[in-house]
Structures are given as structure tokens and as C-alpha cells.
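The values are calculated or read from the model by the stated rules, or taken from the named source; none is laboratory data. In this text, all values refer to a predicted model and were calculated from it rather than measured experimentally. Don't worry about glycine lacking a Cβ; one is built from the backbone with ideal geometry, like all the others, and counts go over all protein chains shown. When the accessible area is computed, the model is the full protein with side chains, heavy atoms only, and any ligands, DNA or RNA have been set aside. Shrake-Rupley method; radii C 1.70, N 1.55, O 1.52, S 1.80 Å.
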Amino acid sequence: MSALTENFINKVKGGATQLWSVYKVLPSVAIAQAALESAWGQSSLATKYNNLFGIKGSYGGNAANMATWEVYGGVTYNITANFRSYPDWATSIKDYGVFLNVNSRYKNALGLTDYKKQIKAIHEAGYATDPQYQSKIISIIEANNLVQFDKQVLGGTVSAPVKETPTATKPSSNKITDTSYTVKSGDTLSAISTRSGVSVDNLAKWNGIKNKNLIQVGQKLTLKAPAAKPAASTNKTYTVKSGDTLSGIASKNGTTVAALQNLNGIKNANLINIGQVIKLTGASAPAGGTYIVKSGDTLSAIALKVGSTTKKLQDKNGIKDANKIYVGQKIKY
């Protein structure tokens, strides 16, 4: 278990174990949902607004407008929404219990002593649109032995989990020792972090992952830090080979993922093809210009596109709140 994971669990386990007696929510389910929704407490929603569960709306009249994503009909949509803003994490945990109890659609989930059945009922009642949500939560529970907290509140009478269906490929809980890993059904970045000993932040940075909650089955992740940048290659182009990642190509050629994306018109840094020719010449971050905000844009995503940082864009454009930009706004970089 990584230090980040252990620290997060220690911070939330007290509040999570108190949920069962009042709200009939298992601590393992609460901790795992909080971990997934908040990227182990590292998301902006968790650090700035103390919202661990991604619950929308407002709390005490306080709300935060944030970028997020939803899946409808198998298609992922980037949207913005209002999320509840809390004074602290303890309030967020308690309000999560209240939320499940005051919304009648979750009544069949409350009181279940099998974590798999409870998260299945919560998911099917409409808590999240991600089709992999159940398997992600179960993976976090099992990779971190969160059922130990269920045993504490249930006096050791935890129901045996239902058998896995043969159609679902359960990710191995064994430690990952290779220098790369191919994402399987049910995997989460946090679970891969736990098994490999590589922090979630480094996994995201080394693999050009913008949304830590969004990885794809079959995606190949590098689990080692890029080598020190060598002198820039004199080659003008690079042909993608099996096992290549855009971050690896950038590192080998003394440039950045953002610069290669800009130069080659690559929208998804995780999607390159064997045999694809990548231009290297002039692959440095743009010297400057203006970007016009489009629907679904976030300031962090714009920063990546133009080879800058969120903080630099805020300073240059006088933007106080990085979460408040509007369609048509001109961003100088």
C-alpha cells in the first residue's frame, strides 16, 4: 500500500465506520467511493471544496462549478456541473450517508452486508454513469482490504461476496513488478498505483493522463520514470513502434507530450498507432498566442494543449478561479 493510499484511508476510516450504525452504509463501500471519486483525496473538488463523493448540488448554499464527465449510451461527454462544497471532509462523509438515505431510489442498497451487493445496488440506482463503476469500487476494496472495517462494525458477520461472473475479468491483486502494465477490465489508476508502488500522480504524469478517473481497457501504462532527457534528436520524424507511448517518444527526443500533440494535431495523448509518423522538428511549446475557449474546455486542458501550466495562464489572463472560464473567452499564452 502506498503512503498516499494509507494516509487517505487513515483520514476517512473514522467517519466511514460511523456510517453503518446510523445510515446502514458499509465502511468499505464508503471509503472506496471516496477514494475513486476524489482520486484518493487529491482532486480539486476534494482539496478545495472538501467534496469526497462527487455529490452535485449545494450544501448550506455553497457550491463549486467544476468540469466533469458522464457516460451516456456508451459515449463519454465532458460537462460542467455544480458540486456541493463542505467545510471539511467529516461533513462530506456524513452528508454522503444522508444523501443515500433521503433519496428513496437507494433504499434497496441500505443495510446490505455484502459490499458487492451494496455497491451494485447503489450504482444501479443511478449514483454514477460510468459502466465500470462497480468493478472499480470492488477493485479498490479488495486491493486495500477495506472489508476489515466492515468486520469491525458488523462484529465479524460479513456476508460472503457473490461469485464473480465468468464474463468479468477480475484484475489480479498481485504486486506488479514489470516496467509497464496493460489496463484490464475493472482496473483503476489508484489500484494500479497500490499494486505497482508508483504514485497516482506519477502514473498520470508519465502517461499523459489528464483525468485520473478515466483509463481505458487495453491502454499500456509505463511504470517507470522517463530517463533524463538526452540532447534533442536530429531526426525530423519518428515512426511509432509496438509499445511506444507519446510520453516515451517525447522523453527520447528531448521534447514534451504537449509539444508533440500541438505539432501533430494529436487530441488524445494515449492514442497513437504503430507505424504512425510523428513530427519532431520544432516540437517545442508554442512561443505565445491566443486560444479561444470552446464548449467542454477546462483551463488545465488548455494549458496542456498550448504547452503551458494552469498557474501561468491564470497569472497571464488575470483568472482568479481556474474553474471559471466561459465559451468564447480569449486566453493568452
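All conditions but one from (1) in a helix (DSSP H, G or I); (2) modelled with pLDDT under 90; (3) of a type in the set (A, V, I, L, M, F, W, C) apply to Met1; the one that does not is (1).
Can you name every residue in segment 31-70 that is β-branched (Val, Ile, Thr), free of Cβ contacts under 8 Å to residues at least 24 places away in the same chain and part of a helix (DSSP H, G or I)? Answer for segment 31-70, where residues must be β-branched (Val, Ile, Thr), free of Cβ contacts under 8 Å to residues at least 24 places away in the same chain and part of a helix (DSSP H, G or I): just Thr47.
Evaluate the following for Glu142: is it open to solvent by 20 Å² or more (accessible area, probe 1.4 Å) and free of Cβ contacts under 8 Å to residues at least 12 places away in the same chain? When the stated conditions are applied, Glu142 does not pass them. Tallying residues that are basic (Lys, Arg) and assigned to a helix (DSSP H, G or I) within segment 4-30 yields 2. In the condition set (1) under 24 Å from Trp40 (Cα atoms); (2) out of contact with any Lys or Arg (no Cβ under 7 Å at 6 or more places or on another chain), Gln134 is compliant with all but (2). Considering only residues in segment 239-281 that are more than 27 Å from the chain's Cα centre (by Cα) and either at pLDDT below 80 or buried (at least 19 other Cβ atoms within 10 Å of the Cβ) (or both), the one that is nearest to Leu214 (Cα to Cα) turns out to be Ile278. Consider segment 139-151 and keep the residues that are touching a helix residue (DSSP H, G or I) at 6+ places or on another chain (Cβ under 6 Å) and not in a loop (DSSP other than H, G, I, E, B). The one that is nearest to Ser185 (Cα to Cα) is Ser139. Taking every residue in segment 298-320 that is in a helix (DSSP H, G or I) and pairing it with any residue that is of a type in the set (Val, Ile, Thr) and open to solvent by 20 Å² or more (accessible area, probe 1.4 Å), at least 6 positions away or on another chain, the pairs with Cβ-Cβ distances below 6 Å are Leu299/Thr310; Leu299/Ile325; Ser300/Thr310; Ala303/Thr309; Ala303/Thr310.
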